[in-house]
1. Kirkwood hydrodynamic radius, segment 299-351, all distinct C-alpha pairs: what's the number in Å?
2. Using alpha carbon centroids, what distance separates segment 196-233 and segment 286-304, in Å?
3. Given segment 195-319, what whole percent of its Cα pairs are spread farther than 26 Å?
4. Rg to Rh for segment 582-660: what is it, with Cα atoms only and Rh by Kirkwood?
5. Can you list the residues, at least 5 places off or on another chain, whose amide H is less than 5 Å from the amide H of Leu222, using H built in the peptide plane?
6. With a point put 7 Å past each Cα toward its Cβ, work out how far Leu748 is from Gln626 in nm, to one decimal.
7. Give me the number: length gained by fully extending Glu677 to Glu421, i.e. 0.36 nm times residue separation minus the C-alpha to C-alpha distance, one decimal in nm.
8. What length, rounded to one decimal in nm, is gained on full extension from Val712 through to Ser756, with 0.36 nm per residue of separation minus their alpha-carbon distance?
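The values are calculated or read from the model by the stated rules, or taken from the named source; none is laboratory data. If you're wondering where the values come from, they're calculated on a predicted model, not measured in any experiment. Cβ placement follows ideal geometry from the backbone for every residue including glycine, while neighbour counts extend to all protein chains displayed. Side chains included, ligands, DNA and RNA excluded: accessible areas come from the protein's heavy atoms. Shrake-Rupley method; radii C 1.70, N 1.55, O 1.52, S 1.80 Å.
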Amino acid sequence: METQLDPMKDDLPLMANTSYMLVKHYVLDLDVDFKSKVIEGSIVLFFDTGSRYRKTSSAGKECCQSQFDETCKMRASEPCHIPMINVSTCSSKTEYNDFAVSGKEEEATSDENSNHSNNEQTSGISSSKDCCDIENHGNKDFLLVLDCCDLSVLKVEEVDVAAVSGIEKFTRSAKLTGVSKELENLRNQIVHELVTLPADRWKEQLYYFTHCSQAPGCGELLFSTGTWSLEIRKSGIQTPADFPHAIRIWYKTKPEGRSVTWTTDQSGRPCVYTMGSPINNRALFPCQEPPIALSTWQASVRAAAGFVVLMSGENSAEPVQLREGILSWYYYVSMPMPASTFTIAVGCWQEVKQQSFKQTAAIETNTEFSLASSQADFRWHEEICGHVEYPCRFQNPAARLQAVIPYRVFAPWCLMKSCEEYLLQLVPQCLSAAYTTLGTHPFSRLDVLIVPSNFSSLGMASPHIIFLSQSVLPGGRNLCGTRLCHEIAHAWFGLAIGARDWTEEWLSEGFATFLEDIFWARAQQLSHDEIKAQQELKALLRWRRLKDEMQNSEEELQVLRPKKESTGELSESGASVVKYGLKAEKVFMQVHYLKGYFLLRSLARTIGEISYLASLRKFVVKFHGQLVLSQDFLTMLLEDIPKQKGSGLTMESIFQNWLDTSGIPKPLLEEGETWKECQLVQQVSGEVTKWIQTNRKVRKSSKKKMKQDEVVFQQLLPDQLVLLLESLLEEKTLCPRILQCLERTYQLREQDAEVSH
């Protein structure tokens, strides 16, 4: 598992040795430079000792050490770069308060970064001696491995957290003797106490993370970079327990780095954002990518005035002017999440606002509508949460009553009117519908951003922020509403509850696809019959898509659990691979969305939708803040409904029929024809027949005769139009006059992106 991986292969390597050391918190301090298309600065990582090392006894140390040795042997040794950089650090003198990391503290770090930028001597990097040569230094030093790609790492150093004023409260020993070994142990003890503070002291924790991140360095560490990793060691340190638990890495991104995209927005202004790269965030900052590395973060990001920095953060950041023409933006999160969920977007975004009384009215209306159906969930909330400790909204009485969380909408200037038309009104409706269905919102606020036109999908959800494509804006409410509902659903499935193994994407995308229909039906306040008809039409469209995909894709990419029984397994060090994570075709496939959706739909039909949604709410309450595998969900569902085990619904049958095999699941083959009986589908079938008959007549007859036999066509819903056009595409020939008539009848140019496509 530790061998060098070929980046051209299909699997994405997760190199970080999380079993030995686990990142608990990141502090990013960055400058965004649009001229050079580079993000530059530092990141401080705070670690705790990993689970595998903690479990070893003194006798087990030898076993653990041999694994380190093996790691060293198997890695290709590369030169360790010690750059000649004059980096001065300063400790902040700001008093502790609730806003520990805004304003003045950012001022304190701005000079440090400008000095760093000006004094960097790149020649010192390339001429460094080979300081990590195993032959010279032996193979006993512990090697910390981070996921890293497309980054220029300039310097790595240990951080002297013991130098921070007031940090004594985190030390058990009364005095410092000044002995080097004891000082190193003390620093690690301070970090351990800091990362394990109870949830009710999160503000204090954030305050000390800030000040520790600004503490001076106390010794450079040896490092080398590979294609996929950054490897760090300290000479003479042989165990994770003795390795520095707070390290600072100075680095800069590369313009061609694959984690962020430098482009222009729809108004022609420069911007940069994380667009959901297959390699995640390792080309934005060195990190531990495996999902198990749940961490919190905080970030200060500086950019030229006129730019707005949006980010995954609990707070709605207000910019602070550091010097003329430069603004600093600060965000933080207190809920531990995988580093892959971190998102940033820097551009000349404009906030889309509406009259305040309208927003207030919408929130009040939706709150009243939602409360009754959620009261039953509160008994579950009284249980102790199963996740690591953090300030959890599920334990907060006020948060549990919040049907609509605070939200903002941002867009390039030229799209503001389009956003005002539908999107701004839809956000509170969709948030309220989600709350009605699943209960407490896992996140305290939401930003929605219309991203540049090079965005390759319709939407992407991250903590506290959703990216939407400009394609959802034209053509009415339908596409905008359904996509917004899909991304909002990810707050629960994909973010608050994450897949322990990234190959199980269906746990995120299948759930979001299933829930988007329920959220959107509730947001529209449809009748029971309207909901049923709309959902059956959607099922037929998805069925057609799934059949097409099964016929035109490799079988190995059609499996929802490609690693089968070994799903979730890690190597000794914690490293693993995401199977087919780099396969180009996979980016365009929807199998995890569609097969996952049909599995959940099948379960809902078997169990009954009311009981099924109650089980989903229970699952959310039990597993929020945690990583899960397919069997965690299925076990809970089957335990709640034991009678189903007698009717053939077992874990084994679900794995066999749905998750572990390619092709169309057997139960779905039987159901596929039933949706054609739906009223909305029957209506489309009638219209298709009319168009085909008209097409034949037009081809045979003159223009004059055609006018005498004018056909009246019915108006159709957007999803019906998609089905109609797909059906007509199956005809061998449609004459130009019919195409023009289609355009006029349905005003196709004014329809949404799915109809246009």
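1. Details: mean 1/r = 0.0850 Å⁻¹.
By the Kirkwood definition, the hydrodynamic radius is 11.8 Å.
2. 11
3. The calculated P(r) of segment 195-319 puts 37 percent of pairs beyond 26 Å.
4. Details: Rg = 13.9 Å, Rh = 13.8 Å.
Reported Rg/Rh (Cα atoms, Kirkwood Rh): 1.01.
5. Arg233, Ser235
6. Once both label points are built, they end up 5.1 nm from each other.
7. 88.6 nm
8. Working it through step by step, the gained length comes to 13.6 nm.
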